[in-house]
Amino acid sequence: MRRLPLTVIGGFLGAGKTTLLNRLLRHAGGRRFAVLVNDFGAIDIDSRLVVAHGGDTISLANGCICCGIGDSLVLALMRVLEKVDVLDHVVVEASGVADPARIAELALIEPLLARDGVLVLADATSVREREADRYVGDTIRRQLDGADLLILNKADLLSDAQLADVATWLRQRAPGLRLVPASHAEVPIEALFGLAAGDAPARDAPPRSPAANDATPDGPPIARWSFTSRGPVDRAALLAALRALPDSVLRAKGIVRFADAPRQRGVVHMVGRRIDVSADGPWGIADLRSDLVLLGTPDMPDAAELDGLFAGVAPAVSKSASW
Amino acid sequence: MSSTTIYPARRIITMNAHQPFASHVAVRDGRVLGVGSLAELEGWGPYTLDRSFESLVLLPGFVEGHSHAYEGGVWKFPYVGFFDRRSPDGAVSPGLKNIEAVVSRLRDIERGMTDAGQPLLAWGFDPIYFGGRRMNAADLDQVSTTRPVLVIHSNFHVLNVNSPVLAKAGIDHSTNVHGIVKDSAGKPTGELQEIAAKYMAYRASGIDLAGVLSDEEAVWRFARVAQLSGVTTATDLHNELPESTVAGYRRASASEDFPIRLLPAFGAIALPVDEGVRKLKALMQHNNDRLRFGLVKIVTDGSIQGLSARMRWPGYYNGLPNGVWNTGPDDIDRLLQAYHDAGFQVHIHTNGDEASEVALDAVERALARTPRRDHRHTLQHCQMADAAQFRRMAALGMCVNLFANHLFYWGDIHYSQTLGPERANRMDACATALRTGVPFAIHCDAPVTPIGPLFTAWCAVNRLTASGRTLGESEQIAPADALRAVTLGAAQTLKLDDEIGSIEVGKRADFAVLHEDPLEVPPTALKDVRVWGTVLGGRVFEAPAA
Ligand SMILES: [Zn+2]
Ligand SMILES: [Zn+2]
């Protein structure tokens, strides 16, 4: 069964969730997103792109739809799932006080959805103050703890030293956190959502719509590194290598033939710090080959460094990198 | 010339301080023409003497200030709660005293179902009275191993399902989702909580549950069940007000037979504020005698028993972490200010005392920015407020609607687990409201607890829990004060006290008609006073005998 990836975007009021969603809707790159938003009015859509505007849903020329959540996320999600056939990916904007990780768990009890990632935005200029607030401090802490990837937004408003300070503080309070600084929520959208043809979660790669093309949309550049091997992959070594990746690697996906389960198609899916490895049935007639792609910001380590990091995972056949 | 009817009654309890009791009431054009003795009323001219209430007691029609029309929606499905509950047709749905009784009731219903795929949904289940035994999937598999069976708990936040539902959702030992309860062996028990419960209820019910819960039929059932308990005005105190629901309200309330005045409150979070204000103003254009838009609702925190209330220090008695915001402090400020500035009255759900504090701060700030007399913003539930918070409500011109029914239904849990003895003994502090002069009502929050103002008044008077413990004698109030809280007090919290809530000249002829005199029965028997029926705008609605 085809499963739609579900991404949940969380973060406190003013952290930049809507900015990120607006960027996503502009750079959907041929994938048909359903974006569930709290405040319709805050979504800034070029009116020339709107093909239909009905009640709580706007349909766009690029196949995306934008839906208001109203007062019930559950019902809004249910309405979106009725359109499952014309969609490739569902994105939920969690309310400013919601726990986005809890919302993402709905994908684990909904056969039509696959949990993709929990992206949490934090305002670099105020996150420490918010975290100490007597009313919302615990809410902020739950959001930070549940983040697969933390986008530390409004970095441009701080000096380098201040930014480093906030980042250090965040890492101390949430060990293992993957954090990427950004301004105006400018994070490579393709890397966050796996937009390019080969970057979608393989088990549910969508049919490409004719309008799609692989030209990189404008916005911050994306770094990509890939790895192919015909030899068996050492599971522990792969997980160790993925865990050792720096924060600049935002996403990894792969179809892997593990040494300990050579007949199974292993699926590796990583967003930020969360790594999911699952078995996706037998290989069948597919080429017995492991592929892994890493996507990240331009700060991602260069090919030589990544080649080194993954050297012990399997006898590599080819690696490639592009920036 | 319109006709006048004079009703003699055994006693009329008016809630009018000038004339607290009387023997006759005259009605003309749906309104109270006069109250007094027959001789005093005869001066109004020719009349018909109607002796229907001669041996009965009249009170102002009860006003339920916090209920939900979902009460009517859920009656589409079988009730499987612990306590007897009256259904809209007047029949009593008997309480089920153990899990076996619930299973056997559901099995009977299942046998009668014809469509094999149709899910069986039931509601009102409450295992807290079953000595620790929880329901599990195996219990419900005895009802059916093929048909989805879903049992919603009385708090509407927890759900039990059978194996087919778990299988269809792919829930097994490997599913690590918050709110999916597992046994000691790591196997899901079939109990789901919070967002997982809500999701599964809607997903597996296979019907447009949201639609069914608030369609025209649901509004009718809600009105009927309210009327059976003597209610003539009731709120639907949180609704997104989609067009379909509004159309249902309109069609139902357009009928002369519709037995209540209905006041929906718009859930402020549903729309951006400018759109919300516009929508409400447009809806108010069509307000009429039986349907009034204009109330606004903000939900701040969750519930105490759901461990989601926002509490001040020292928090939950059992040490569990603080609850969650439904609407955060910044948004509470923003929404309250916008609707305050636009002239609306806002009802603010606050269960925990931290939520009450945030709401009080928000009202104080809104008033500093936009001074406004007689706004009557009302804290709803407000179960944990201390005396200082009540003094702030008084100073800020606020009202409060206290959740008295909680004392009975969850008081034991609050005493032993959530609040601890000290705060449980002062929860839903009606006597403090009286002492501090905050206009107050008491409520049922139906369908969370059954609608029944006499029962609610009994709770405020006696403060007895289900196990028989008295929670804080110092917060008990007199029967007369409790009856005021379900009539004129509630009308005040809805800004309708000029129109309803007491029996006096000029007001609407809305009466609760009772078999016994609630001020003469022992206070412990207040809940047992029988309702004969109601009068709404002069029209008589006799309730079927229970
Ligand atoms: Zn409430
Ligand atoms: Zn309520």
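A short reminder: the numbers here are calculations on the coordinates, not readings from a lab. Values in this document were obtained by computation on a predicted structure and should not be read as measured data. Here the Cβ is made from the backbone with ideal geometry for all residues, glycine too, and neighbour counts use every protein chain on show.
Using the Cβ-Cβ distance between B:Asp289 and A:Glu82 with R0 set to 51 Å, the FRET efficiency works out to roughly 0.85. Please list, by residue number, everything in the range B:425-465 whose backbone N is under 14 Å from a paramagnetic label point 7 Å out along Cα→Cβ of B:Glu473. What the label zone holds, given the 14 Å backbone N cut-off, is B:462-464. If R0 is taken as 60 Å, the Cβ-Cβ distance between B:Ala342 and B:Lys168 corresponds to a FRET efficiency of 0.85.
Taking every C-alpha pair closer than 8 Å and separated by at least 6 residues, the mean separation divided by the residue count of chain A gives a relative contact order of 18 percent. Shown for B:Lys198, B:Lys297: other C-beta atoms within 10 Å of each C-beta, ranked fewest to most, produce the order B:Lys198, B:Lys297.
Taking packing as the residue-averaged number of other Cβ atoms within 10 angstrom, the listed peptides B:298-304, B:210-216 run from highest to lowest as B:298-304, B:210-216. For the range B:483-546, GluC sites (Glu not before Pro) meeting the loop criterion (DSSP other than H, G, I, E, B) and having at most 14 other Cβ atoms within 10 Å: B:Glu520.
Sorting the segments B:171-177, B:443-449 by their residues' average number of neighbouring beta-carbon atoms within 10 angstrom, most packed first, yields B:443-449, B:171-177.
Averaged over peptide B:140-149, the number of partner chain Cβ atoms lying within 10 Å of each residue's Cβ comes to 0. Placing a label point 7 Å from the Cα of B:Ala387 along the Cα-to-Cβ direction, the residues of the range B:437-469 with a backbone N closer than 19 Å are B:437-440.
Identify the trypsin sites (Lys or Arg not before Pro) of the range A:254-322 meeting these criteria: DSSP loop state and at most 15 other C-beta atoms within 10 Å of the C-beta. Of the trypsin sites (Lys or Arg not before Pro), the ones in loops of the range A:254-322 whose Cβ has at most 15 other Cβ atoms within 10 Å are A:Arg263, A:Arg289. Our summary gives the range A:49-100 a relative contact order of 19 percent, counting only alpha carbon pairs under 8 angstrom and 6 or more residues apart.
In chain A, the DSSP-assigned H stretches of four residues or longer account for a calculated mean residue ellipticity at 222 nm of -6000 deg cm²/dmol, using -39500 (n - 2.57) per stretch and the full residue count as denominator.
Of all beta bridges that DSSP places with both ends in the protein assembly as shown, some 55 percent have antiparallel geometry. Taking every alpha-carbon pair under 8 Å whose residues sit at least 6 apart, chain B reaches a relative contact order of 17 percent. Peptide B:322-335 has a mean shielding of 4, counted as Cβ atoms of other protein chains within 10 Å of each residue's Cβ. With each label modelled as a point 7 angstrom along the Cα→C-beta vector, the A:Ala161-B:Arg31 pair spans 7.5 nm.
Put a dot 7 Å past the Cα of A:Glu305, heading toward its Cβ, do the same for B:Lys97, and the two dots end up 7.3 nm apart. Remark: spin-label model distance B:Phe130-B:Asn318 equals 1.7 nm, labels positioned 7 Å along the Cα→Cβ axis. Loop-located trypsin sites (Lys or Arg not before Pro) in the range B:1-58 (DSSP state other than H, G, I, E, B) with a sparse environment of at most 14 neighbouring Cβ atoms within 10 Å: B:Arg51. Using a Förster radius of 22 Å, what is the FRET efficiency between A:Arg48 and A:His184 based on their Cβ-Cβ separation? Nearest 0.05, please. Step by step, r from the Cβ atoms, then E = 0.45.
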